[in-house]
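*Asks:* First the structure, then my questions, so here it is.
Readers should treat all values here as calculations from the given coordinates under stated rules, not as data from a laboratory. This one's a predicted model, so the numbers in the text were calculated from it and none came from an experiment. Don't worry about glycine lacking a Cβ; one is built from the backbone with ideal geometry, like all the others, and counts go over all protein chains shown.
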Amino acid sequence: MWDVWESTSLIKSASKLPKEILKRYEKWKDIVRFSGPKGLKIIRGFRDEALKGELKGFRSSRLNEQFRVIYKIEKTEVIVKVIKITPHDYRSKS
């Protein structure tokens, strides 16, 4: 069993997210709680992947084409720390 820790900023901003995104996020949390990050890899729709650059060490899962869950795995404590749900920005950061 895994624990999902949510940042304070995520909790505050969650009420502003579309209801469909919140439903997908709740499903995402259920999968993580019971199967851990390996469960996310089984479900191809989440397209779970490691991030690079400034967010190296974090992972991203798709909730839909636009919104992503950004999180980090704390292996020693079996905790998944969700830092934000954000629209994906396709612009290059040059």
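*Asks:* Run down Arg24, Arg44, Arg33 and say which single residue is of a type in the set (Lys, Arg), surrounded by 13 or more Cβ atoms within 10 Å (Cβ to Cβ) and farther than 18 Å from Lys84 by Cβ.
*Replies:* Only one candidate qualifies: Arg33.
*Asks:* Now for a separate question. Do you know which of the residues in the range 1-21 that are under 17 Å from His88 (Cα atoms) and either exposed (fewer than 12 other Cβ atoms within 10 Å of the Cβ) or of a type in the set (D, E, K, R) (or both) is nearest to the chain's Cα centre (by Cα)?
*Replies:* Checked the range 1-21; the qualifying residue nearest to the chain's Cα centre (by Cα) is Glu20.
*Asks:* Output the qualifying pairs, or none if there are none: Cβ atoms under 8 angstrom, residues six or more apart or on different chains, first residue in the range 17-33 and under 16 Å from Asp48 (Cα atoms), second residue among the small types (Gly, Ala, Ser).
*Replies:* As it stands, the answer is Tyr25/Ala14; Trp28/Ser61; Ile31/Gly39; Val32/Gly39, since those pairs meet every condition given.
*Asks:* Take Lys41 and decide whether it is among the charged types (D, E, K, R) and over 11 Å from the mean Cα position of the chain (by Cα).
*Replies:* Here the answer is yes, as Lys41 does meet what is asked.
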